[in-house]
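Structure record follows, encoded as structure tokens.
What follows draws every value from the coordinates through simple rules; no lab data is involved. Predicted, not measured: the structure shown is a model, and the values here were computed from it. Cβ coordinates were reconstructed from backbone atoms using ideal geometry, including for glycine residues, and neighbour counts include every protein chain displayed.
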Amino acid sequence: MEKTILIIEDDENISKALDVRLQARGYKVVTAFDAIQGMQKATGTLPDVILLDITMPGGNGLTLAERLKASTHTQAIPIIFLTASQQSDLRQKAMALGAAAYFEKPYDFDYLLAALRAAIEHPHVHLAI
């Protein structure tokens, strides 16, 4: 069965690059460009995993993660954070929210792909990446 990844990322170039690379590996990809769209698409599609930017229009990614984890419909969906921020406290906050993994941009796609696979296969395991 095809696995679905929701990418919530305001940078269209990053979103498109992820979309193309993930589809080439057999994943179904859904995209959202802000937190509002992200919440709507998460509840509408119930993806297998969410790739979530932290800084974006329409709300902070950490706040969106809190909302996703508070909803009975989306609370079990693993979240992998992607951020350009170098603030060390963001990693701690993301992990406290139950992030499956945390990557700073630029990231290594192979490591991200491995984290996605692990999050899909073992949704309750958190990686120290």
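Loop only per DSSP, at most 15 neighbouring Cβ atoms within 10 Å: give me the GluC sites (Glu not before Pro) in the range 1-85, ordered by residue number.
Numbers: sites: E2, E9, E12, E66; in loops: E2, E9.
The qualifying sites are E2.
Let me spell out the model: positive unit charges on the Cβ of Lys and Arg, negative unit charges on the Cβ of Asp and Glu, origin at the Cα centre of the chain. What dipole size does that give, in debye rounded to 20?
Charge dipole, the chain, about its Cα centre: 280 debye, nearest 20.
Between A17 and Q86, take the C-beta separation as r, use R0 = 30 Å, and let me know the FRET efficiency to the nearest 0.05. Please report the intermediate quantities before stating the final value.
Values: r = 21 Å, r/R0 = 0.70.
Taking R0 as 30 Å, the efficiency between A17 and Q86 is 0.90.
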